[in-house]
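Written below as structure tokens is the structure these notes are about.
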Amino acid sequence: MIWLNAVIQGVLLGGFYALLACGLSIMFGVMRIINLAHGDLAVLGAYVVWLLLSTYHVPLALAVVVALAVMLALGYLLQLAVLDRSLRSGVLTPLLATFGLSVVVQNALLIAFSPDVRSLGGDAGSLAISSWRLTSEISLPLLGVLTLAVAILVVEGLQAFLRRTTLGAQWRAASEDAEAARVVGIDASRIYAAATALAVAIAALGGIALALRSTFEPSAGPTQLIFAFEAVVIGGLGSLRGTLIGGILLGIAQALGSVVNPQYAVLAGHLVFLAVLAGRNSGLLSAARWQALRPRGGVTT
Amino acid sequence: MERLSAGHGLLQAVRDVSLELEAGQTLALVGANGAGKSTLLRSIAGVHRPTSGRIKLEGRDVTNIPAHRRVRLGVALVLEGRRLFPGLTVEENLRVAAATRPGPWNVEAVLEAFPNLRRLRRRTAGTLSGGEQQATAIGRALMSNPSVLLLDEVSLGLSPAAVDLVYGSFQKVRAQGSAMLIVEQDLGRALDVADRVVCMLEGRFVLEAKGHDLSYEQVTRAYFGLDRSVAADAQ
């Protein structure tokens with residue numbers, strides 16, 4: 001029973017990791033950008049909610065909606081002002097740019113909010129502590145179920161958008177060949193900006209989930225980035241459904257590890273990550289559907 | 001297009017060339033590798049920024065308008081090497097290109113013009129043969145109902161049957177009143193289809209004439225710059 005419980009709690013924890021990783025997956029899938037500031041943007045989202053709650057005393061739901069709108073706008077501007085330029089100078093530049101952004105965000109948060117550890121758990125009321133008791137040994141926490149549901153909704157919603165709509169097909173087209181997209185009238189830069197906006201807003205959702213379930217501080221980002229990164233790699237680079245599965249596998253591994261010994265939780269997750277890398281370096285669901293963005297520019301006459 | 005120059009870094013690929021293309025006219029651009037044909041086409045479409053000169057479309061200066069908006073004004077380019085979106089189906093490749101210009105072309109009309117694509121419409125573009133890809137690429141460019149269709153290396157790497165099919169479709173394009181600018185390696189084809197032929201050499205136009213006035217011999221001499229080197233030798 002204790003193992004079954006670990007698997008169930010692991011799946012719920014995995015929903016949180018999947019939500020955290022989704023935006024990372026989008027940015028890699030659409031633009032081949034590995035966003036090293038992803039975890040910090042997630043934490044920034046949590047701080048926006050915290051600020052709204054503590055200063056303006058708005059209801060939690062409203063604070064989340066406002067924070068998502070703010071993060072959408074921030075992501076859009078981030079792509080147009082910083083990442084779009086860096087994309088023009090090769091693959092390594094965006095990586096360095098997001099690394100710099102990570103440092104900037106962390107330090108800005110430190111200045112603005114002090115290094116104190118915060119949590120939104122207290123503001124969430126019953127949301128954070130309610131649970132369904134299934135048996136005497138197993139219960140389902142409301143917040144965990146909600147997080148998993150949001151993660152599935154986000155992944156399946158994006159999947160349907162990309163697969164079934166013409167705009168989604170244009171996103172995939174811009175991802176596969178930006179120049180060919182431009183000559184058929186697709187504004188690739190705007191699609192990239194929309195993709196980053198979406199990725200940053202979903203990162204904020206992950207950050208808010210973190211803040212509700214535990215604590216956060218200005219330097220919490222990099223740890224979250226590692227978990228998100230592992231979820232993406234386990235599931236397969238650029239595949240959204242893969243990211244969901246990867247997150248859940250990571251969650252299960254951590255939960256099972258913690259049954260053996262609480263200090264093995266994170267280690268067990270890392271071991272699964274390494275095992276997947278060693279066995280199949282393209283991840284479980286490979287990104288064949290996304291295709292690599294072919295760098296073809298070059299000189300043609 | 002007036003006095004257009006373009007280059008790659010220090011290399012000047014197109015040197016001060018001017019060209020006018022009327023509605024419904026077909027112009028073939030020939031020349032050796034590296035003559036500047038593709039750079040010229042890419043500059044007209046807006047994916048390459050010219051160093052100087054102007055590009056005008058129906059009297060309007062479009063030189064500083066980005067490529068994706070130029071499509072809406074009526075310029076469409078079929079890039080060298082087809083450049084389809086390999087993970088999208090044939091139909092998706094066509095549908096993503098639907099710009100907001102009114103005209104006769106839509107998915108159904110393209111499938112009408114290229115009947116071989118009809119049964120392939122749900123296949124991903126990456127799995128098609130070269131000829132099928134070129135047909136899809138031309139169809140994709142036509143989706144925006146262009147007033148000027150630019151085609152780079154139309155027959156490169158295609159089977160003779162596929163080339164016939166592609167050239168057959170040009171009749172329909174012309175019938176809609178679109179102007180075409182074709183870069184072609186196959187001189188016979190180029191002379192056959194074009195109202196006018198322009199030969200490029202080292203970034204300049206070295207020969208410009210009506211298609212049927214030209215002999216194969218004349219174009220060959222211009223193509224390789226024979227007349228020029230004779231003149232240089234004489235000095």
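For the stretch A:142-186, give me the residue count where each residue is away from chain B (no Cβ under 11 Å), without any contact (Cβ under 8 Å) to a residue 12 or more places away in the chain and of a type in the set (A, V, I, L, M, F, W, C).
Residues that pass the stated criteria total 3.
Take the residues in the stretch B:39-61 that are in a loop (DSSP other than H, G, I, E, B) and at positive phi, then tell me which one is nearest to the other protein chains (Cβ to nearest Cβ).
Top of the filtered list is B:Gly46.
In contact with a Phe, Trp or Tyr (Cβ under 7 Å, 6 or more places away or on another chain) and within 22 Å of B:Ala13 (Cβ to Cβ) - does that describe any residue in the stretch B:189-199?
The answer is yes, given that some residue of the stretch B:189-199 is in contact with a Phe, Trp or Tyr (Cβ under 7 Å, 6 or more places away or on another chain) and within 22 Å of B:Ala13 (Cβ to Cβ).
Out of A:Ala193, A:Ala197, A:Ala220, A:Ala253, which single residue is of a type in the set (A, V, I, L, M), assigned to a helix (DSSP H, G or I), in contact with an Asp or Glu (Cβ under 8 Å, 6 or more places away or on another chain) and at pLDDT 95 or above?
A:Ala193
Considering only residues of the stretch A:139-156 that are more than 15 Å from the chain's Cα centre (by Cα) and not hydrophobic (A, V, I, L, M, F, W, C), which is nearest to B:Thr89 (Cα to Cα)?
Restricting to residues being more than 15 Å from the chain's Cα centre (by Cα) and not hydrophobic (A, V, I, L, M, F, W, C), the top hit is A:Gly144.
B:Gly126: surrounded by fewer than 18 Cβ atoms within 10 Å (Cβ to Cβ), more than 18 Å from the chain's Cα centre (by Cα) and facing another protein chain (nearest Cβ under 8 Å), yes or no?
It is true that B:Gly126 is surrounded by fewer than 18 Cβ atoms within 10 Å (Cβ to Cβ), more than 18 Å from the chain's Cα centre (by Cα) and facing another protein chain (nearest Cβ under 8 Å).
Please verify whether B:Ala13 is surrounded by 23 or more Cβ atoms within 10 Å (Cβ to Cβ), at pLDDT below 90, assigned to a loop (DSSP other than H, G, I, E, B) and within 14 Å of another protein chain (Cβ to nearest Cβ), treating the condition exactly as stated.
no
Name every residue in the stretch B:109-124 that is in a loop (DSSP other than H, G, I, E, B) and either more than 9 Å from B:Val90 (Cβ to Cβ) or in contact with a Pro (Cβ under 6 Å, 6 or more places away or on another chain) (or both), in order of residue number.
B:Phe114
Within the group A:Gly298, A:Gly279, A:Gly247, A:Gly207, which residue is within 30 Å of A:Gln79 (Cβ to Cβ) and either within 14 Å of chain B (Cβ to nearest Cβ) or at pLDDT below 95 (or both)?
A:Gly298
Quick check on A:Gly90: is it in contact with a helix residue (DSSP H, G or I) (Cβ under 6 Å, 6 or more places away or on another chain) and not in a helix (DSSP H, G or I)?
No; evaluated as a whole, the condition is false for this residue.
Considering only residues that are buried (at least 24 other Cβ atoms within 10 Å of the Cβ), facing chain A (nearest Cβ under 8 Å) and at pLDDT below 90, which ones fall in the stretch B:62-111?
B:Ala97
Which of the residues spanning the stretch B:172-190 are surrounded by 20 or more Cβ atoms within 10 Å (Cβ to Cβ) and either more than 16 Å from the chain's Cα centre (by Cα) or under 18 Å from B:Ala32 (Cα atoms) (or both)?
B:Leu181, B:Ile182, B:Val183, B:Glu184, B:Ala190
When you check B:Leu84 against the structure, is it of a type outside the set (D, E, K, R), in contact with a helix residue (DSSP H, G or I) (Cβ under 9 Å, 6 or more places away or on another chain) and under 24 Å from B:Val198 (Cα atoms), yes or no?
no
The values are calculated or read from the model by the stated rules, or taken from the named source; none is laboratory data. Please read all numbers here as calculations on a predicted model, not as lab measurements. Backbone-built Cβ (ideal geometry, glycine too); neighbour counts: all protein chains shown.
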